[in-house]
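Participant: Could you have a look at this structure, given as structure tokens, before my questions?
A short reminder: the numbers here are calculations on the coordinates, not readings from a lab. Source: prediction; values computed, not measured. Here the Cβ positions follow ideal geometry from the backbone for every residue, glycine too, while neighbour counts run over all protein chains shown.
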Amino acid sequence: MGPRAEVLVFGCHEDDVAALRNAAGRRGPLVLTALTVPEFTQHVIARRPVAVFLGAGRSTHAHLDVIPVLRAVRAELPVIVVAEEDSLELQRRARENSIFYYLVHPLNQGEVRALLKNVMRRARL
């Protein structure tokens, strides 16, 4: 059995990170967190996660600005946006960047479990 797949989380609420870890369980991907943009970028390049979860909201909408950089480095990497609130403007901005999926805080366990299965299937792990 090879190393465990990883997903990277940046800018999400702690309870959303906990929900992701709970949904991943022991057999799903390892959930890593990055606290700064440089740390986030380093993990994307060096650790090669199978997906990235980006938190975004009124005060953190700038997190969406890293998506074009991700596309330049790893075009195939699924990007999932976790919005702080249901906002059409935020959703429009996220979708303009060709995201993989859009979630709204608080996370629904069933939806997250299905999303992680889909990401793992896509990565063929």
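Participant: Looking only at the range 1-26, which residues are in a loop (DSSP other than H, G, I, E, B), surrounded by fewer than 21 Cβ atoms within 10 Å (Cβ to Cβ) and in contact with a helix residue (DSSP H, G or I) (Cβ under 8 Å, 6 or more places away or on another chain)?
Facilitator: Within the range 1-26, the subset in a loop (DSSP other than H, G, I, E, B) is 1-5, 11-13, 25-26.
Within this subset, residues satisfying the condition of being surrounded by fewer than 21 Cβ atoms within 10 Å (Cβ to Cβ) are 1-5, 13, 25-26.
The answer is A5, and nothing else.
Participant: Can you list residue pairs whose Cβ atoms sit under 6 Å apart, with the first residue in the range 101-125 being of a type in the set (S, T, N, Q) and the second being surrounded by 13 or more Cβ atoms within 10 Å (Cβ to Cβ)? Count only pairs 6 or more apart in sequence or on different chains.
Facilitator: Correct list of pairs: Q109/A23.
Participant: A follow-up question, please. Within the range 1-44, take every residue that is acidic (D, E) and free of Cβ contacts under 8 Å to residues at least 24 places away in the same chain and give me the one that is farthest from I80 (Cα to Cα).
Facilitator: As a first pass, look at the range 1-44 and keep what is acidic (D, E): 6, 14-16, 39.
Right, trim to free of Cβ contacts under 8 Å to residues at least 24 places away in the same chain and you get 14, 39.
On the way: E14: 16, E39: 18 Å.
So the residue we want is E39.
Participant: Against the definition (touching a residue at least 24 places away in the same chain (Cβ under 8 Å), out of contact with any helix residue (DSSP H, G or I) (no Cβ under 9 Å at 6 or more places or on another chain) and not β-branched (V, I, T)), how does R47 come out, yes or no? Break it down into steps so the answer makes sense when it comes.
Facilitator: On the way: touching a residue at least 24 places away in the same chain (Cβ under 8 Å): yes; out of contact with any helix residue (DSSP H, G or I) (no Cβ under 9 Å at 6 or more places or on another chain): yes; not β-branched (V, I, T): yes.
In short, yes.
Participant: Among (1) over 21 Å from T33 (Cα atoms); (2) aliphatic (A, V, I, L, M); (3) surrounded by fewer than 17 Cβ atoms within 10 Å (Cβ to Cβ); (4) touching a strand residue (DSSP E or B) at 6+ places or on another chain (Cβ under 6 Å), where does L90 come up short?
Facilitator: (3)
Participant: Name the single residue that is surrounded by the fewest Cβ atoms within 10 Å (Cβ to Cβ) among those in the range 31-64 being touching a strand residue (DSSP E or B) at 6+ places or on another chain (Cβ under 7 Å) and more than 22 Å from R95 (Cβ to Cβ).
Facilitator: The initial filter retains those residues of the range 31-64 that are touching a strand residue (DSSP E or B) at 6+ places or on another chain (Cβ under 7 Å), namely 31-34, 40, 43-44, 47, 49-57, 63-64.
Restricting the remaining residues to those that are more than 22 Å from R95 (Cβ to Cβ) gives 31-34, 43, 47.
Working: V31: 20, L32: 17, T33: 18, A34: 19, H43: 19, R47: 12.
This residue is R47.
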